[in-house]
Each structure stands twice: as structure tokens, then as C-alpha cells.
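Colleague: This is the structure, below, for whatever I ask next.
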Amino acid sequence: MTVVQSTSQISPAMERVYHQSNLLGEWKGSWTASNQAVSFKVVNIRGAQATIEYTHNGRTERGIGKVNGATIDFGNVTLGTKNGKTAVLLFSAGGGKATATLEKQAPAAEQSNLTGSWAGYSADNGKSASFRVLSVSGNEAQVSVTIDGITRQGTGIVYKNVIMFGQSQISTDDGKNGEVIYQFGNKSYMVPVTKLPPLA
């Protein structure tokens with residue numbers, strides 16, 4: 001009789017994505033010995049390469065770092081994090097070594113350009129829509145959506161420049177024009193919308 005042990009495993013590709021998302025962002029802290037400020041910004045990650053901005057001693061170096069699991073090597077420094085909240089920065093050159101503890105900074109609210117009232121009409125399908133984004137907090141947004149005269153309110157999910165709520169979603173690239181896509185029955189409808197000026 002053969003016994004097969006089953007363990008829950010994460011695929012290597014998913015593990016890589018998990019580590020990379022933990023590394024992304026701006027990290028700030030200070031060197032342990034000198035207490036001088038240092039920052040390490042991971043702008044983006046493409047496979048095993050990361051675009052880096054490393055600021056120390058009042059100057060910024062920009063370039064490409066090498067990603068290896070939960071660490072990034074960039075010149076004489078290596079950044080590593082286990083939890084995506086705090087990181088250790090190691091400096092090593094010519095026999096000299098230094099360490100710094102860094103904290104990940106809260107990302108700028110890139111979804112703030114979704115906040116406001118949006119409305120539009122599609123001549124193609126004769127549908128109109130209005131989508132009010134009352135507030136955005138992290139990956140949640142308080143919304144009020146009116147489609148075909150029916151209004152629904154609740155909490156939507158924010159992902160980059162898109163808010164999904166029930167069978168509808170709104171997206172914008174420039175914070176002025178966007179589109180609402182919603183599903184009704186088996187059909188999807190797209191309505192171009194523009195942001196309305198705030199009420200005085």
C-alpha cells in the first residue's frame with residue numbers, strides 16, 4: 001500500500017509574485033550606526049529586474065536592480081523583507097559594512113482621481129449611467145450607482161484605477177473621462193462617462 005502525503009504548496013510563479021508585491025513601494029529609514037536617513041524605492045519589477053531609486057547621503061542613484069526571491073541587489077546594497085512592512089538594507093563595499101532598518105511608506109492614493117460624481121450616456125446602446133464615488137480607503141470605496149433608473153449603494157473594491165461594485169465597474173485613466181461597464185442578464189453594456197464638476 002502506498003501512502004501519498006499531501007501538503008499545500010504555492011506554485012513557484014505565485015510565490016515570486018507574492019514576494020515581488022511585498023518588495024514594491026518606497027522604503028524609508030536610517031543607518032543603524034550613523035542614524036543618517038536612507039530610502040530605497042522599488043518603482044516596478046519585471047521578472048528578475050527591478051527599477052530602483054536609492055537615496056543616501058543626500059543623493060539619489062537610479063538604475064536596475066536584480067530580484068532574487070524576497071531580496072533585491074542594487075550596486076553595493078541589498079534590500080530584503082519578510083512581511084512587506086519592514087525591511088533590512090545591507091551595504092557592503094571594500095570591507096565596509098552597514099545595515100539599516102526601513103519601513104514601507106503608505107502608497108499615495110492613486111485612486112483619488114476616481115472620487116467624485118460621474119455620468120454619461122451611450123448613443124450606441126441607449127444606456128445611461130451615473131457612478132458616485134463618495135470615498136476611497138485602501139482597496140475599498142463607498143459608492144452609489146444608478147443604472148437604468150435603479151440606484152444601488154454600498155462598498156466597491158478598488159484595484160488601481162478601477163472600482164468594481166456588484167455587476168458594474170468604473171475606470172478612468174486621466175481622472176476626467178472614464179467608462180462604466182455593467183452586466184444586465186447575459187449582456188454587458190459600456191457607457192462613456194465624464195467627471196462632473198464638484199458642487200460649489
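Colleague: Starting from the 7 Å offset along Cα-to-Cβ, what nm value, one decimal, do you get for the label separation of residue 90 and residue 30?
Modeller: 2.4
Colleague: Quick one: length gained pulling residue 140 to residue 62 fully straight, 0.36 nm per residue minus the C-alpha distance?
Modeller: 24.8 nm
Colleague: So what does residue 34 come to for accessible area, using a 1.4 Å probe and Å² rounded to 10?
Modeller: Looks like 70 Å² after rounding.
Colleague: Can you sort 118, 31 by 1.4 Å-probe accessible area, starting with the largest?
Modeller: Solvent-accessible surface, decreasing: 31, 118.
Colleague: Suppose accessible area is computed on protein heavy atoms with a 1.4 Å probe; arrange 152, 62 from highest to lowest.
Modeller: Reading off the accessible areas and sorting them downward yields 62, 152.
Colleague: I need the per residue convex hull volume for the chain, using only the alpha carbons, in cubic angstrom as a whole number. All intermediate terms of the calculation are to be shown ahead of the outcome.
Modeller: Numbers: hull volume 45.1 nm³, N = 200.
Hull volume normalised by residue count: 225 Å³.
Colleague: Oh, and also: Order 73, 173, most accessible first, counting only protein heavy atoms with a 1.4 angstrom probe.
Modeller: Listed by decreasing accessible area, they come as 173, 73.
Colleague: If you roll a 1.4 Å probe over the heavy atoms of the protein chains, what accessible area per residue do you get for region 82-200, in Å²? Intermediate values should be presented prior to the final figure.
Modeller: Values: 7510 Å² over 119 residues.
For region 82-200, the solvent-accessible area averages 63 Å² per residue.
Colleague: Report in % the part of the accessible area of the chain that belongs to carbon and sulfur, leaving out ligands and nucleic acids; probe 1.4 Å.
Modeller: 52
Colleague: With contacts defined as alpha carbon pairs under 8 Å and 6 or more residues apart, what's the relative contact order of the chain in percent?
Modeller: Relative contact order of the chain: 13 percent.
The values are calculated or read from the model by the stated rules, or taken from the named source; none is laboratory data. Being a predicted model, the structure only gives us computed values, none of them experimental. All Cβ positions, glycine included, derive from the backbone under ideal geometry; neighbour counts span all protein chains shown. What goes into the accessible areas is simple: the full protein's heavy atoms, side chains included, and nothing from ligands, DNA or RNA. Shrake-Rupley method; radii C 1.70, N 1.55, O 1.52, S 1.80 Å.
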